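The values are calculated or read from the model by the stated rules, or taken from the named source; none is laboratory data. What you see is a predicted model; the values in this text were computed from it and never measured. Cβ placement follows ideal geometry from the backbone for every residue including glycine, while neighbour counts extend to all protein chains displayed.
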Amino acid sequence: MNAKVTFPIGYQLESCASNIKLISEPVLLTLHPFGSNLDCSQSFGGKSTANMSNNRKFYIETYGCQMNFSDSEIVASVLSQNEFQQATSLEEASLVLLNTCSIRDNAEQRIWKRLKELKSLKKKNPGLQIGVIGCMASRLKDELMEGGLAVDLVAGPDSYRALPSLLTNIENGQQAANVALSAEETYDNIEPVRFHSNGISAFISIMRGCENFCSYCVVPFTRGKERSRNPHTIVEEARELVSKGYQEVTLLGQNVNSYKWEDENGLVGFPDLMARIAEVSPLLRVRFTTSHPKDLSDDLLKVMASYPNICPAVHLAVQSGNNRVLKLMNRKYTREWYLERVAAIRHFIPDATITTDIIAGFCSETEEEHKETLSLMEEAAFDAAFMFRYSEREGTLASKRLPDDVPDEIKARRLDEIIKLQQNLSARSNRADIGKSFEVLVEGKSKRSDDFLMGRTPQNKVVVFPARSYKSGDRVWVKIKGSTPATLKGVPVTDDSISTSDDHNIR
Ligand code: 5AD
Ligand code: SF4
């Protein structure tokens, strides 16, 4: 990961694959459920491929949102079925693929920098082929193919099935590209190679694309039309994961609330899909991300409330607390509507955490309007947030119609105020958990000490506790004894002499 923890804890959360992590640059947020999405990257090699007769080995570096991480697992599957082996390091690879993000300018700048580094590497190792896939491929094909960069291959998010033929085309030193967007592609019958996974939690993409056209957002242009996967294949994928020992799945889509599948058996919406996945196993924790506030229905909240294994956590990007700005952003809801949805979440699922995305300094935002974002944050009492400075993206509705006129230093100061407030809200939210007990699904050792484990509550809060004889994959009831804005600290309930079963915050 490029991101390092240097900011005060809780300053900003970045979730990469199964991890939520703090990052140093407030403007760098990516794994966002898509963002909801982050400017993080992770490189993954596969299992050792020693003794392979075939030396075509690929290495994927993934940048950006959870959808990209999920897509890289599809790419790994396509390549593995076509005579490629997954390399354990960049050094042993003959093909490196950068799965890229375009959501903000700084995400793209990192890729340009990485491509320069790879070009130098290619000088030392002329056999190395370089591919750019994902949103930047879709948006900037011509620039990427430009000779100076040494890029051999460019493939957009709907072209991964074509990778084997594109790779054949580049064998003779030619460049190859396919960035066509599709109205149908869902990669439905491809079983992802779960190389990002810890064997405990996995992502399942349930839909692709976005048609909301929020005025600041490049995603509808890079990922194309919204399309949903057949629910039967989604349920099958969840079953398969359970049979392999996975205990948690996160259903992924740019706007999962608009998931829709219609066939001769009728219509399946997102609440029905959630119920079907929850019924795969009562022991499977089910999460989803991300929701658009305009579409978050009571039906979904009722389904969430009625299945104990659907995790009580809702990511609901607000972006701004001011109605004029929301309108300019083309968000299609008002401050009042958003706060009513927050009230509905708290009504149906009182122990739910609510997290959000916020953009500071959108076009023409005034000081008063910024203050309304701060006041909405307090009213909604967000448990955590991904916070960004507005970054104009070429081709978006805002870039065509609205001047990017809030000066950088004002954007930075507003972002800083948003982050500081969120730090206080996160600290308050975590303090309120002291004395409660939660079932923690253990993900691994804590970063700071091997004597401690880290895992997550159903609410998706990170908990650190003494390891004792517990291990990854265990579910441990932990009583919370202390907190920081980013982490809960506790002890296993069995260790806690004063604990009683009444301490359990049952979900
Ligand atoms: N500038 C800043 N933040 C953006 N996001 C999307 N587009 C932009 C942009 N142009 C943020 C939104 C979205 C998250 C994934 O990224 O908050 O919810
Ligand atoms: Fe999310 Fe709006 Fe972008 Fe779609 S257009 S991905 S809903 S921010």
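Do we have any residue at all in the stretch 409-427 that's modelled with pLDDT of 95 or more and over 30 Å from Thr373 (Cα atoms)?
no
Picking from residues in the stretch 188-210 that are closer than 21 Å to Asn257 by Cβ and modelled with pLDDT of 95 or more, the one that is farthest from ligand 2 (Cβ to nearest atom) is Ile204.
Taken over the stretch 302-323, the criterion of being within 15 Å of ligand 1 (Cβ to nearest atom) and closer than 20 Å to Glu439 by Cβ is satisfied by Val314 alone.
Evaluate the following for Val75: is it modelled with pLDDT of 95 or more, in a helix (DSSP H, G or I) and in contact with a Phe, Trp or Tyr (Cβ under 6 Å, 6 or more places away or on another chain)? Let's see the steps before the verdict.
On the way: modelled with pLDDT of 95 or more: yes; in a helix (DSSP H, G or I): yes; in contact with a Phe, Trp or Tyr (Cβ under 6 Å, 6 or more places away or on another chain): yes.
Considered against the rule, which asks whether it is modelled with pLDDT of 95 or more, in a helix (DSSP H, G or I) and in contact with a Phe, Trp or Tyr (Cβ under 6 Å, 6 or more places away or on another chain), Val75 comes out as yes.
For the stretch 269-299, what are the residues that are more than 16 Å from ligand 1 (Cβ to nearest atom) and either more than 29 Å from Gly199 (Cα to Cα) or of a type in the set (Gly, Ala, Ser) (or both)? Steps first, answer last, please.
Of the residues in the stretch 269-299, the ones more than 16 Å from ligand 1 (Cβ to nearest atom) are 269-287, 297-299.
Hits for the stretch 269-299 are Gly269, Ala275, Ala278, Ser281, Ser297, Asp298, Asp299.
Do we find that Met377 is part of a helix (DSSP H, G or I) and in the same structural domain as Val219 (by TED's automatic domain parsing) in this structure? In short, yes.
Among the residues of the stretch 59-67, is any at pLDDT below 95 and more than 16 Å from ligand 2 (Cβ to nearest atom)? Within the stretch 59-67, not a single residue is at pLDDT below 95 and more than 16 Å from ligand 2 (Cβ to nearest atom).
Filter the stretch 318-349 down to residues that are of a type in the set (A, V, I, L, M) and within 16 Å of ligand 2 (Cβ to nearest atom) and give me whichever is farthest from Gln459 (Cα to Cα).
So in the stretch 318-349, the residues of a type in the set (A, V, I, L, M) come out as 318, 325-326, 328-329, 339, 342-345, 349.
Subsequent filtering for residues that are within 16 Å of ligand 2 (Cβ to nearest atom) retains 318, 325-326, 328-329.
Values: Val318: 19, Val325: 30, Leu326: 28, Leu328: 32, Met329: 29 Å.
Looking at residues that are of a type in the set (A, V, I, L, M) and within 16 Å of ligand 2 (Cβ to nearest atom), I get Leu328.
Note on the stretch 346-367: residues that are in contact (Cβ under 8 Å) with a residue 12 or more places away in the chain and charged (D, E, K, R) total 3. Within the stretch 151-205, the set of residues being surrounded by fewer than 18 Cβ atoms within 10 Å (Cβ to Cβ) and of a type in the set (Gly, Ala, Ser) comprises Ala162, Ser165, Gly173, Ala180, Ser182, Ala183, Gly199.
For the stretch 198-213, taking the residues that are under 14 Å from the mean Cα position of the chain (by Cα) and of a type in the set (S, T, N, Q), the one that is nearest to ligand 1 (Cβ to nearest atom) is identified as Ser205.
Just to be sure before I move on: is Glu394 assigned to a loop (DSSP other than H, G, I, E, B), at pLDDT 95 or above and under 30 Å from Cys363 (Cβ atoms) in the structure I sent? Answer is yes for this residue. Scanning the stretch 211-228 for residues that are crowded, with 21+ Cβ neighbours inside 10 Å and either assigned to a loop (DSSP other than H, G, I, E, B) or within 10 Å of ligand 2 (Cβ to nearest atom) (or both) yields Cys214, Tyr216, Cys217, Val218, Val219, Thr222, Arg223, Gly224.
Which of the residues belonging to the stretch 214-225 are more than 16 Å from ligand 1 (Cβ to nearest atom) and within 19 Å of the chain's Cα centre (by Cα)? Gly224 - this is the single residue of the stretch 214-225 that is more than 16 Å from ligand 1 (Cβ to nearest atom) and within 19 Å of the chain's Cα centre (by Cα).
So, in the stretch 382-405, how many residues would count as being among the hydrophobic types (A, V, I, L, M, F, W, C) and over 13 Å from Asp357 (Cα atoms)?
Of all residues in the stretch 382-405, those among the hydrophobic types (A, V, I, L, M, F, W, C) come to 382, 384-388, 397-398, 402.
With over 13 Å from Asp357 (Cα atoms) added as a condition, the list becomes 397-398, 402.
Here the count works out to 3.
For Leu22, the test of being away from ligand 1 (no atom under 16 Å from the Cβ) and either crowded, with 18+ Cβ neighbours inside 10 Å or modelled with pLDDT of 95 or more (or both) is passed. Filtering the stretch 99-144 down to residues that are within 16 Å of ligand 2 (Cβ to nearest atom) and aliphatic (A, V, I, L, M), which residue is farthest from Phe221 (Cα to Cα)? Among those that are within 16 Å of ligand 2 (Cβ to nearest atom) and aliphatic (A, V, I, L, M), it is Ala107.
So which residues in the stretch 199-234 are small (Gly, Ala, Ser) and closer than 22 Å to Ile133 by Cα? Correct list: Ala202, Ser205, Gly209, Gly224, Ser228. Listed by position, the strands (runs of 3 or more DSSP E) inside the stretch 412-478 whose residues that are small (Gly, Ala, Ser) and surrounded by 15 or more Cβ atoms within 10 Å (Cβ to Cβ) number at least 2 are 437-445. For the stretch 366-410, a residue qualifies if it is within 14 Å of ligand 1 (Cβ to nearest atom), basic (Lys, Arg) and within 29 Å of Glu340 (Cα to Cα), and exactly one does: Arg389. Out of the residues in the stretch 78-110 meeting the condition of being at pLDDT 95 or above and acidic (Asp, Glu), tell me which one is farthest from Pro157 (Cα to Cα). Once the filter is applied, the top-ranked residue is Asp105.
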